[in-house]
Amino acid sequence: MKQKKLIIFFPSIEEGGVEKNLFVISDFLSKKIKNISIITSVPSKIDNNKIKIIKSNINIQNKSRFIKNLFCSYLLMKEIRKNKRVIVISFQANLYATLITWFFGVNVVCRANASIKGWLKNPIKKLIYKTIMKLSSKIIVNSKAMKSEFKKDLNLNSFLIYNPLDKNKILATSKKKINLGFFNNKKYLKILNIGRLTDQKDQMTLLKAVNLLKGKVKFKLILLGQGSEKKKLENYIYNNGLSKNIKILNFKKNPYPIIKKTDVFILSSKYEGLPNVLLEAIVLKKLIISSDCPTGPREILQDGKGGILFKTGSYVDLYNKIISLNKNKKLNTKKIIYAYKSLKKYDYNFNLNKYLKIIQSFD
């Protein structure tokens, strides 16, 4: 990589697990590769002076993701025209990055972040995706189930790299003291959900489940995140008299002190890739209840040996799983221990070095 330049393509940096992986991977690569840049419409999110930021002169941070993709695609074309000795690693808008790099004859590594089953239902869309992604140099996925999806549904080969997990950082930052009176009462079951407030994350299923708990279990629930579904969720909480039991808090850069105070972490998503937040909760030895959605949760929770799985979208099944917690305390403790012991494959340096080896293979 002495002569080639690495360009990271990520048009719309928001708040979430994909972005967290971007920061971890790019910071690691910036220590190994001298000439590294990132193309994004949200330059303020990048805090690494070793990485050159390539941005538009026009402020498009508040524009739609489509507009951001178009502007950043133009910037990518400009950079490749200046110097074709580049390697591109795309974290987002993979179809844009693949078409551009194919046209100019440069290598692109595309990182797929979520199960294709969640959004690739249209046969025409599926054909377009499959056709274009065949042009990429390499596809990276972050779970075995997603690797299987790409092969079975799209006939595309992919390379598995698990999300790098920095256990030491999580443990250290979880010790920060926070004032969270909402979670202080030990008589209440403390439930936490972290994720963008979107249809994909399906917090509505969680709200419907806990609504059934009223009069049966004393509980407090925090939804940590922000997004397009916030108003809808707030209305449900208000209309069902749940305001004293549930709080919606904005995204936190350091959520670990809150996770540490939690009794049970619940993921309610319709689809995922390999949800970081489950791994982080396991590091802090929290019991997990997760939807059995594609892909990631079943793999992380070892088919239910390391946590509790419920039928995706079923608030009744989720309710029943919460109700059963007190009956299975010893079993749940075993699940927490089992999950923690299974974290080895997410080793921080091992998985980060896989990215470096792939990039170096194009040298």
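Taking the criterion of being in contact (Cβ under 8 Å) with a residue 24 or more places away in the chain and either of a type in the set (S, T, Y) or more than 21 Å from N113 (Cβ to Cβ) (or both), the residues of the stretch 3-33 that qualify are Q3, K4, K5, S12, S26, K32, I33. Among the residues of the stretch 172-219, what is the count of those that are at pLDDT 95 or above, at positive phi and of a type in the set (G, A, S)? Residues in the stretch 172-219 being at pLDDT 95 or above, at positive phi and of a type in the set (G, A, S): 0 in total. The set of residues from the stretch 248-279 being polar (S, T, N, Q) and either over 22 Å from L318 (Cα atoms) or within 13 Å of the chain's Cα centre (by Cα) (or both) comprises N250, N254, S269, N276. Need pairs with beta-carbon distance below 7 Å; first residue without any contact (Cβ under 8 Å) to a residue 40 or more places away in the chain and within the stretch 245-273, second surrounded by fewer than 20 Cβ atoms within 10 Å (Cβ to Cβ); sequence gap 6+ or separate chains. Note: pairs meeting the criteria are N245/F219; L249/L224; N250/Q226; K252/L224. I'm trying to understand the selection: among the residues of the stretch 220-240, which are at pLDDT below 95 and open to solvent by less than 60 Å² (accessible area, probe 1.4 Å)? G225, G227 - these are the residues of the stretch 220-240 that are at pLDDT below 95 and open to solvent by less than 60 Å² (accessible area, probe 1.4 Å). For the stretch 282-306, what are the residues that are out of contact with any Gly (no Cβ under 9 Å at 6 or more places or on another chain) and of a type in the set (A, V, I, L, M)? Correct list: V283, L284.
Taking the criterion of being more than 24 Å from N211 (Cα to Cα) and at pLDDT 95 or above, the residues of the stretch 298-330 that qualify are R298, E299, I300, L301, Q302, D303, G304, K305, G306.
Out of I13, I7, which single residue is open to solvent by less than 60 Å² (accessible area, probe 1.4 Å), aliphatic (A, V, I, L, M) and part of a strand (DSSP E or B)? Criteria check complete, one pass: I7. The sole residue among L212, L242, L180, L221 that is in contact with a Phe, Trp or Tyr (Cβ under 7 Å, 6 or more places away or on another chain) and hydrophobic (A, V, I, L, M, F, W, C) is L212.
Can you give me the number of residues within the stretch 241-284 that are among the basic types (K, R) and crowded, with 17+ Cβ neighbours inside 10 Å?
The total comes to 3.
Say whether the condition of being surrounded by 21 or more Cβ atoms within 10 Å (Cβ to Cβ), of a type in the set (D, E, K, R) and either at pLDDT 90 or above or farther than 23 Å from S137 by Cα (or both) is met by at least one residue in the stretch 58-78. So far as the stretch 58-78 goes, yes, one or more of its residues are surrounded by 21 or more Cβ atoms within 10 Å (Cβ to Cβ), of a type in the set (D, E, K, R) and either at pLDDT 90 or above or farther than 23 Å from S137 by Cα (or both). Candidates in the stretch 301-350 are the residues that are outside any helix (DSSP H, G or I) and in contact (Cβ under 8 Å) with a residue 40 or more places away in the chain; of these, the one that is most open to solvent (accessible area, probe 1.4 Å) is D347.
Restricting the stretch 185-204 to residues that are closer than 21 Å to K218 by Cβ and in contact (Cβ under 8 Å) with a residue 40 or more places away in the chain, which is most open to solvent (accessible area, probe 1.4 Å)? Ranking the qualifying residues of the stretch 185-204, first place goes to L189. Just one of the numbered conditions (1) surrounded by fewer than 17 Cβ atoms within 10 Å (Cβ to Cβ); (2) at pLDDT 90 or above is not true of N48: (2).
The values are calculated or read from the model by the stated rules, or taken from the named source; none is laboratory data. Just so it is clear, the structure is predicted and the values come from calculations on it, not from any experiment. Virtual Cβ from ideal backbone geometry, glycine too; neighbours counted across all protein chains shown. Side chains are part of the model used for accessible areas, which takes the heavy atoms of the whole protein and leaves out ligands, DNA and RNA. Shrake-Rupley method; radii C 1.70, N 1.55, O 1.52, S 1.80 Å.
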